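Chemist: Mind looking over this structure? Questions follow.
The values are calculated or read from the model by the stated rules, or taken from the named source; none is laboratory data. Note that the structure is predicted; figures quoted are calculated from it, not measured. All Cβ positions, glycine included, derive from the backbone under ideal geometry; neighbour counts span all protein chains shown.
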């Protein structure tokens, strides 16, 4: 286990060098996206025969931001100052497993190197991480004020009115964003290991062993 | 009744931007017990650092400021509609102050109402009591922990759980196992044994208002709470599901009469950010609890 500083865009070599348990401080521009955003990306971009004209600018922008980049499962608390600039007040991760049905295709389509959230993801995402050179980063759930401190700037926001504040695509610049690798690009998942060990403990405690 | 809106905003601010002393103390004990340098110890360290920062800056401990759940105890003869309107005004204003996130979403259109108010949102439970004072208790319950809350119907064949406290024990252990780290472990469990399906969860959440250090007055339940605290931690799920010694910080349960045909165990899983706060109003004077 080691502490690694990484910047977006992240190279495949840097991702392949990471292993579960590694602590990472991430810097650069990344994008938040959760339930509505993932459903939208799949339906409007990835599964659509052609991207509608009205959505094309956002599609191109996301392709640029996510190539070699990271998506953060987060619905922040935000504040707008007198000049109209947005600030993140609280910004911990949301539970990632809800995006499991979408994430493998999002990783493949956009060339993501990192998915950031909490609680871990499933076999599909783990496989996509192996195939495409990506990792799942775990942020500390609930550590919202601490994480917001690492968000230095809200660059812009997309789909705020349509999806609502928690569900919008917030484009943020972060410095030293604190995360831990819990699923790596070599097929290892801390979540699978903990689940298996706790299942054995459960069987013993309940008397089903 | 006098205008309580300002005090209610302060109640929400206190709930959202700090944790109760007993919860902070339990987190510190947990941090000290995890292996130094482990992911579990690191997670708890970040959690404690975050709570200190949130309190100092008056910013939310967690960005998911949850569903605001109000348990209100009012004296005889006091109407509740005016108070409800004041609480709703306070919730909307607390959101403008960034103490709360807009969390009310219309399930039909998918639209966020934008002001944290909606049909049945926030949640209210009113109860008249003997006291000559008004008490407003607030729990901010996040969606991640709500999603891993569970209701079991005993008997349960898969767990070989019967209709007794031994069956309750098995159901609770299974719920904590199923939750893994997804409810933001280490969690706190509020449990209702018996009741009907809807009231079961209401009672279970009410258990979350008990201080972590109190002892259940019912001897059998006190013993089961203690045993379950120990056994849940033997599951080894640990903070955030990273593996470790601390999976739950507390187990609180109550028993409620049930229908002869029904035996429910309702388990309200609360994340480590157990944001509860209360205020009392007596003779126009407001005291925060």
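Chemist: For the stretch B:26-42, what are the residues that are over 24 Å from residue B:100 (Cα atoms) and either touching a residue at least 60 places away in the same chain (Cβ under 8 Å) or buried (at least 17 other Cβ atoms within 10 Å of the Cβ) (or both)?
Modeler: Of the residues in the stretch B:26-42, the ones over 24 Å from residue B:100 (Cα atoms) are B:26, B:28-42.
Within the stretch B:26-42, B:26, B:30, B:31, B:33, B:34, B:35, B:38, B:39, B:40, B:41, B:42 qualify.
Chemist: Also, I was wondering about something else. Of these, A:163, A:137, A:169, A:177, which one is more than 7 Å from chain B (Cβ to nearest Cβ) and over 17 Å from the mean Cα position of the chain (by Cα)?
Modeler: Details: A:137 fails: over 17 Å from the mean Cα position of the chain (by Cα); A:169 fails: over 17 Å from the mean Cα position of the chain (by Cα); A:177 fails: over 17 Å from the mean Cα position of the chain (by Cα).
Answer to the selection: A:163.
Chemist: Here's another thing I want to ask about it. So if I check each of B:56, B:32, B:26, which one is in contact with a strand residue (DSSP E or B) (Cβ under 6 Å, 6 or more places away or on another chain), part of a helix (DSSP H, G or I), closer than 30 Å to residue B:245 by Cβ and at pLDDT 95 or above? Give the derivation first.
Modeler: Details: B:56 fails: in contact with a strand residue (DSSP E or B) (Cβ under 6 Å, 6 or more places away or on another chain); B:32 fails: in contact with a strand residue (DSSP E or B) (Cβ under 6 Å, 6 or more places away or on another chain).
Selected residue: B:26, the only one of B:56, B:32, B:26 that is in contact with a strand residue (DSSP E or B) (Cβ under 6 Å, 6 or more places away or on another chain), part of a helix (DSSP H, G or I), closer than 30 Å to residue B:245 by Cβ and at pLDDT 95 or above.
Chemist: I would also like to ask the following. Tally up the residues in the stretch B:194-222 that are in contact (Cβ under 8 Å) with a residue 40 or more places away in the chain, over 26 Å from residue B:273 (Cβ atoms) and surrounded by 12 or more Cβ atoms within 10 Å (Cβ to Cβ), please.
Modeler: Residues flagged as in contact (Cβ under 8 Å) with a residue 40 or more places away in the chain, over 26 Å from residue B:273 (Cβ atoms) and surrounded by 12 or more Cβ atoms within 10 Å (Cβ to Cβ) within the stretch B:194-222 amount to 3.
Chemist: Moving on to the next point. From B:183, B:120, which residue is facing chain A (nearest Cβ under 10 Å) and more than 21 Å from residue B:223 (Cα to Cα)? Working first, answer last.
Modeler: Working: B:120 fails: facing chain A (nearest Cβ under 10 Å).
Step by step, each of B:183, B:120 is checked, and only B:183 is facing chain A (nearest Cβ under 10 Å) and more than 21 Å from residue B:223 (Cα to Cα).
Chemist: For the stretch B:142-171, give me each residue that is farther than 19 Å from residue B:273 by Cα and assigned to a loop (DSSP other than H, G, I, E, B).
Modeler: Hits for the stretch B:142-171 are B:154, B:155, B:157, B:158, B:159, B:160, B:162, B:163, B:164.
Chemist: Kindly establish whether residue B:174 is modelled with pLDDT of 95 or more and either assigned to a helix (DSSP H, G or I) or under 29 Å from residue B:111 (Cβ atoms) (or both). Spell out the reasoning first.
Modeler: On the way: modelled with pLDDT of 95 or more: yes; either assigned to a helix (DSSP H, G or I) or under 29 Å from residue B:111 (Cβ atoms) (or both): yes.
The answer is yes for residue B:174.
Chemist: To continue, here is another question. Going through the stretch A:87-120 one residue at a time, which ones are within 11 Å of another protein chain (Cβ to nearest Cβ) and either more than 20 Å from residue B:17 (Cα to Cα) or free of Cβ contacts under 8 Å to residues at least 24 places away in the same chain (or both)?
Modeler: So the first thing to find is which residues in the stretch A:87-120 are within 11 Å of another protein chain (Cβ to nearest Cβ), and the list is A:87-98, A:117-120.
The answer is A:95, A:96, A:97, A:98, A:117, A:118, A:119, A:120.
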